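Data block below; observations after.
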There are 2 protein chains.
Amino acid sequence: MAKVVFRDPLTKHIVFEHTISEYLFSQETEYQQIDFFETPQFGTVLALGGVVNVTERDEAGYHEMISHVPLFAHPNPRRVLIIGGGDGGTLREVVKHPEVEKATMVEIDAVVVEKSREFLPETACAFEHPRAELIIGDGLEYVRQAQSGSFDVILVDSTDPVDAGVVLFTPEFYAECHRVLREDGILVPQSDSLIFYPERAAQIGQSLREIFAGVHFYTTNVPTYPGGLWAFAFASKGPPPFEEVNWERVAALEDQLNYYNAALHRACFALPTYIRRIIDAG
Amino acid sequence: MAKVVFRDPLTKHIVFEHTISEYLFSQETEYQQIDFFETPQFGTVLALGGVVNVTERDEAGYHEMISHVPLFAHPNPRRVLIIGGGDGGTLREVVKHPEVEKATMVEIDAVVVEKSREFLPETACAFEHPRAELIIGDGLEYVRQAQSGSFDVILVDSTDPVDAGVVLFTPEFYAECHRVLREDGILVPQSDSLIFYPERAAQIGQSLREIFAGVHFYTTNVPTYPGGLWAFAFASKGPPPFEEVNWERVAALEDQLNYYNAALHRACFALPTYIRRIIDAG
């Protein structure tokens with residue numbers, strides 16, 4: 001069987017090797033190189049720009065943690081905006097919350113959505129959900145046009161800060177998100193590898209702290225991502241509502257989840273000291 | 001510069017690639033293949049049996065977590081036994097606790113100790129410590145001969161359950177550890193990759209639960225280990241003392257540590273749901 005080696009884009013260091021049992025799809029769109037392939041160890045894999053984005057086996061650690069931590073932390077998340085997330089995994093988790101009246105997802109690349117529905121049907125399963133809305137378009141442009149105070153939670157499920165993803169890490173984008181959020185709103189941008197690029201999280205933290213009242217980082221484990229330890233920023237317009245989680249809402253959903261649980265919600269904000277030192281210095 | 005690829009021993013899957021700037025040492029001893037080399041990204045690396053054991057850059061996540069979690073959880077850890085741990089990193093952390101009157105380390109392979117002192121001097125820095133005792137010998141044999149109730153904490157800093165490491169994962173070894181511990185004693189064996197071998201942690205949990213009153217698992221992140229997420233079992237003769245940590249003792253040491261902190265102590269026992277399901281079924 002063929003093997004494909006994934007290298008870190010900057011250091012060229014191997015971060016993962018996948019054995020490929022079947023190549024499913026490969027296309028360079030206007031925005032990025034898209035590849036789908038089957039692996040014996042991690043199931044179907046989606047790579048964007050030559051970087052592993054989703055694997056069937058370990059996607060829960062990413063999708064459940066980017067969504068459930070802010071959605072359970074928010075007292076009543078009725079309107080949720082997802083920027084990116086073309087594979088549909090984040091949307092699938094968001095609509096599990098009965099409080100969500102409408103989940104709007106803005107993805108720039110229609111091919112990612114279309115092919116995820118074909119090759120990752122268990123991830124891309126919520127596009128037809130009655131409370132889901134899919135918009136193919138530019139995320140920054142969407143928030144620029146959006147009404148002030150119209151969302152409770154914004155999730156930035158972007159690629160890393162390269163190519164089309166760069167604008168989603170700018171102070172301008174964060175400022176627009178702040179404006180578009182209601183007064184107790186929460187913004188969660190994925191914040192890259194804490195092992196290989198902790199300075200990216202430090203930079204994101206610095207930008208967010210200039211705009212948001214509370215900024216903290218939390219982590220998840222995604223074995224097929226470089227270093228395994230992945231960061232999310234948690235930026236809140238009001239005081240960070242860590243302690244105010246309604247655990248009954250959590251208990252009602254826990255059986256449907258494979259990664260997130262109440263103990264992890266409390267635990268995921270604890271960072272190793274050496275990472276805390278880098279982030280606090282940012 | 002030469003590159004060396006580390007594969008999982010069973011699946012042959014690449015788990016890490018290191019660029020080697022200088023080869024320092026290579027020898028097959030009676031017990032195992034030992035290699036030391038320099039890398040630009042992770043500093044000096046020690047590999048045992050072709051598996052990365054220690055890297056200068058990320059060893060704190062392993063050595064601080066195997067030692068400080070049980071040592072701070074124990075109300076008064078005066079006598080500590082380390083089985084394995086030839087690189088000296090665990091011993092270095094144990095003697096930081098002023099309560100420890102004597103830390104005894106039993107390592108089977110004198111060459112690992114000798115060469116770690118030469119090539120990893122910041123890890124192997126505590127062998128001459130006045131409260132440290134180094135014994136070159138067989139760990140199972142040592143606990144068989146040891147007096148009942150003579151230790152407060154036992155740390156099993158072994159290789160994975162292959163070759164010479166196999167006996168350190170047997171019910172007989174755990175039963176001897178239980179006998180050798182005082183009544184409020186704690187045993188912490190390293191318990192392998194939660195990503196690639198969660199069934200090993202499940203098996204360890206099953207064996208320990210037959211002997212110890214409380215058995216829980218906690219995790220650390222070691223980027224150069226397969227999957228990044230590493231498990232330790234925490235087996236206590238009495239009730240597990242999670243809540244009784246003396247945080248003043250923690251505060252007095254935190255400045256000297258690079259990974260462990262009070263928030264992580266509380267957090268590290270929270271496991272992702274899919275891993276909890278495998279371990280609870282074990």
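Taking the Kirkwood radius as the inverse of the mean 1/r across Cα pairs, report the Rg/Rh of chain A. Walk me through the numbers before you get to the answer.
On the way: Rg = 17.6 Å, Rh = 18.8 Å.
Radius of gyration relative to Kirkwood radius: 0.94.
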Rg to Rh quotient for the range B:124-271, alpha carbon positions, Kirkwood Rh
0.95
With one decimal in nm and the nearest listed first, the spacings from A:ILE136 to its own position in the other copies, using label points 7 Å along Cα-to-Cβ, are 6.9
Among bridges DSSP assigns within chain A, what percent are antiparallel (round to 5)?
65
Between the range B:21-43 and the range B:46-114, what is the C-alpha centre distance in whole Å?
20
Which distance in Å, rounded to a whole number, links the C-alpha centroids of the range A:172-241 and the range B:138-207?
40
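For peptide B:262-273, how many partner chain Cβ atoms fall within 10 Å of a residue's Cβ, on average? It would help to have the intermediate numbers written out before the result.
Numbers: counts 1, 7, 6, 1, 3, 9, 2, 2, 9, 5, 14, 11.
Mean inter-chain Cβ contacts per residue within 10 Å come to 6.
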Paramagnetic reach from B:ILE278 (point 7 Å along Cα→Cβ, amide N under 12 Å) across the range B:162-206
B:192-203
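Considering only DSSP beta bridges where both residues belong to the protein assembly as shown, give the percentage that are antiparallel (nearest 5). Don't skip to the end; give the middle numbers.
On the way: 68 of 108 bridges.
DSSP beta bridges in the protein assembly as shown are roughly 65 percent antiparallel.
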On average, how much accessible surface per residue is there in the protein assembly as shown, in Å², for a 1.4 Å probe, leaving out ligands, DNA and RNA?
37
7 Å along Cα→Cβ for the label point: how many nanometres lie between B:GLU244 and each equivalent label in the other copies, listed shortest first?
3.7
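Taking 30 Å as R0, compute the FRET efficiency from the Cβ-Cβ separation of B:GLU114 and B:ARG144 and round it to 0.05.
Details: r = 26 Å, r/R0 = 0.86.
That pair, B:GLU114 with B:ARG144, gives E of 0.70.
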Could you compute how much accessible area chains A and B hide from each other, both sides summed, with a 1.4 Å probe? Nearest 100 Å² is fine.
2900
Cα-based Rg of the range B:116-191 per 2.2 N^0.38 Å, rounded to two decimals?
1.20
Portion, in percent, of the accessible area of chain A that falls on carbon or sulfur, probe 1.4 Å
49
Springs between alpha-carbon pairs under 10 angstrom, Gaussian network model over chain B: which of B:PRO98, B:PRO75, B:PRO272 fluctuates most?
B:PRO272
The protein assembly as shown: translational diffusion in µm²/s, Stokes-Einstein, Kirkwood Rh over Cα pairs, 10 °C, 1.306 mPa s:
65
For the rotation taking A to B, I'd like to know which residue in chain A has the C-beta closest to the axis, plus that distance in Å.
A:GLY228, 1
Mind listing the label-point distances from A:SER26 to the same position on all other copies, shortest first, one decimal in nm, points 7 Å along Cα→Cβ?
3.4
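Restricting to DSSP H runs of at least four residues, report the calculated mean residue ellipticity at 222 nm for the protein assembly as shown, -39500 (n - 2.57) per run over all residues, nearest 500 deg cm²/dmol. The partial results should precede the final answer.
Details: 18 runs with 164 residues, N = 564.
Calculated mean residue ellipticity at 222 nm is -8000 deg cm²/dmol.
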Using a 7 Å offset from the Cα along the Cα-to-Cβ direction at both A:LEU24 and B:ALA263, what is the distance between the two label points in nm, to one decimal?
3.7
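The values are calculated or read from the model by the stated rules, or taken from the named source; none is laboratory data. Because the structure is predicted, anything quoted here is derived from the model rather than measured. Glycine also receives a Cβ, built like all others from the backbone with ideal geometry; neighbour counts cover every protein chain displayed. We work out accessible area using only protein heavy atoms, side chains counted, and drop any ligands, DNA or RNA first. Shrake-Rupley method; radii C 1.70, N 1.55, O 1.52, S 1.80 Å.
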